[in-house]
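Participant: There's a structure below that I have some questions on.
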Amino acid sequence: DGGTVVKMAVVAIDAGSAQVNGSLPIAGSPITMNSTLTIGTATLTRGVNDPGAGQTKEIGTNGYIFTAIRATAGSAEDLMVKWISFNQSGSASASDITNVKMNVNGTDYPATVSSDGKYYTASFGDGLPLKKGNQAEIYVKGDIVNGSNRGVDFDLYRHTDLYIVGQSFGFGITPPATDSG
């Protein structure tokens, strides 16, 4: 509850056969709980660059946008987009698509592929700022180099596969999604 004061203390140490010097308990600073803190929010929708439905593309198609999402920050605090990971659940293998990049608001970031070829992740270092009330368009693009009659299907497998952190309080945010596909 708000206003409750908590204090953590170490009351015992199991160090095996090693000797522990010092007196217990060792108490930390008291912390007043806050139940009225409002942290940031983000909402996900289909991005304007999303193709919207399955497309037939020829081998040799370069820079094709496979999927797009739009993240909108709420009004509580500015956010930082730290990384995003898309799951590729189609029948295409990692060798069928190359030069995969995540584009955020017009800037390409290289994607690394997991050892099983199913997760493509882009990290944004300290994070990309997303001011409260603003939007970020994020899409996956790449070159189709192989895989006749195969499908490519990039999705956020979990909403936490988009890691967003509030700048004021540093809490990670799990965005709800309003669109699917």
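Participant: If I ask for residues that are open to solvent by 10 Å² or more (accessible area, probe 1.4 Å), more than 22 Å from D116 (Cα to Cα) and at pLDDT below 95, which ones from the range 73-98 would you list?
Facilitator: Those that are open to solvent by 10 Å² or more (accessible area, probe 1.4 Å), more than 22 Å from D116 (Cα to Cα) and at pLDDT below 95: G74, S75, A76.
Participant: Any residue in the range 41-66 that's more than 27 Å from S95 (Cα to Cα): show its pairings with residues that are of a type in the set (S, T, N, Q) and open to solvent by 60 Å² or more (accessible area, probe 1.4 Å) at Cβ separation under 6 Å, as long as the two are six or more apart or on different chains.
Facilitator: These pairs meet every condition: T45/T178.
Participant: Here's something else I'd like to know. How about the range 116-159: which of its residues are more than 12 Å from the chain's Cα centre (by Cα), closer than 20 Å to N105 by Cα and aromatic (F, W, Y)?
Facilitator: Listed by number, the residues that qualify are Y139, F154.
Participant: Within the range 14-22, is there a residue that is open to solvent by less than 90 Å² (accessible area, probe 1.4 Å) and either touching a residue at least 12 places away in the same chain (Cβ under 8 Å) or touching a helix residue (DSSP H, G or I) at 6+ places or on another chain (Cβ under 7 Å) (or both)? Outline the logic, then answer.
Facilitator: As a first pass, look at the range 14-22 and keep what is open to solvent by less than 90 Å² (accessible area, probe 1.4 Å): 15-16, 18, 20, 22.
Then keep just the ones that are either touching a residue at least 12 places away in the same chain (Cβ under 8 Å) or touching a helix residue (DSSP H, G or I) at 6+ places or on another chain (Cβ under 7 Å) (or both); that gives none.
No.
Yes or no, residue by residue, for (1) closer than 15 Å to S85 by Cα; (2) in contact with a strand residue (DSSP E or B) (Cβ under 9 Å, 6 or more places away or on another chain); (3) of a type in the set (V, I, T):
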| site | (1), (2), (3) |
| --- | --- |
| D108 | yes, yes, no |
| G125 | yes, yes, no |
| K131 | no, yes, no |
| Q135 | no, yes, no |
| V140 | yes, yes, yes |
| G147 | no, yes, no |
| D153 | yes, yes, no |
| P175 | yes, yes, no |
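Participant: On the basis of being over 20 Å from N49 (Cα atoms), in a strand (DSSP E or B), open to solvent by less than 30 Å² (accessible area, probe 1.4 Å) and touching a residue at least 12 places away in the same chain (Cβ under 8 Å), does V140 make the cut?
Facilitator: On the way: over 20 Å from N49 (Cα atoms): no; in a strand (DSSP E or B): yes; open to solvent by less than 30 Å² (accessible area, probe 1.4 Å): yes; touching a residue at least 12 places away in the same chain (Cβ under 8 Å): yes.
For V140, the condition - over 20 Å from N49 (Cα atoms), in a strand (DSSP E or B), open to solvent by less than 30 Å² (accessible area, probe 1.4 Å) and touching a residue at least 12 places away in the same chain (Cβ under 8 Å) - is not met.
Participant: In this structure, does A136 turn out to be among the small types (G, A, S), within 19 Å of T38 (Cβ to Cβ) and out of contact with any helix residue (DSSP H, G or I) (no Cβ under 6 Å at 6 or more places or on another chain)?
Facilitator: No; evaluated as a whole, the condition is false for this residue.
Participant: Of all residues in the range 108-136, which are open to solvent by 20 Å² or more (accessible area, probe 1.4 Å), on the phi < 0 side of the Ramachandran plot and part of a strand (DSSP E or B)?
Facilitator: Within the range 108-136, the subset open to solvent by 20 Å² or more (accessible area, probe 1.4 Å) is 108-116, 118-119, 121, 123, 125-126, 128-129, 131-135.
Restricting the remaining residues to those that are on the phi < 0 side of the Ramachandran plot gives 108-116, 118-119, 121, 123, 126, 128-129, 131-132, 134-135.
Hits for the range 108-136 are D108, Y109, P110, T112, V113, Y119, T121, S123, D126, L128, P129, Q135.
Participant: Taking T98 and the conditions (1) under 19 Å from the mean Cα position of the chain (by Cα); (2) not in a loop (DSSP other than H, G, I, E, B); (3) not aromatic (F, W, Y), which numbered condition does it fall short on, given that it satisfies the others?
Facilitator: For T98, the failing item is (1).
Participant: Also: Can you say whether G147 is open to solvent by less than 20 Å² (accessible area, probe 1.4 Å), at pLDDT below 95 and in a loop (DSSP other than H, G, I, E, B), as far as the supplied structure shows?
Facilitator: yes
The values are calculated or read from the model by the stated rules, or taken from the named source; none is laboratory data. Remember, it's a predicted structure, so these values are computed and weren't measured experimentally. Please note: Cβ atoms are built from the backbone with ideal geometry, for glycine as well, and neighbour counts cover all protein chains shown. When the accessible area is computed, the model is the full protein with side chains, heavy atoms only, and any ligands, DNA or RNA have been set aside. Shrake-Rupley method; radii C 1.70, N 1.55, O 1.52, S 1.80 Å.
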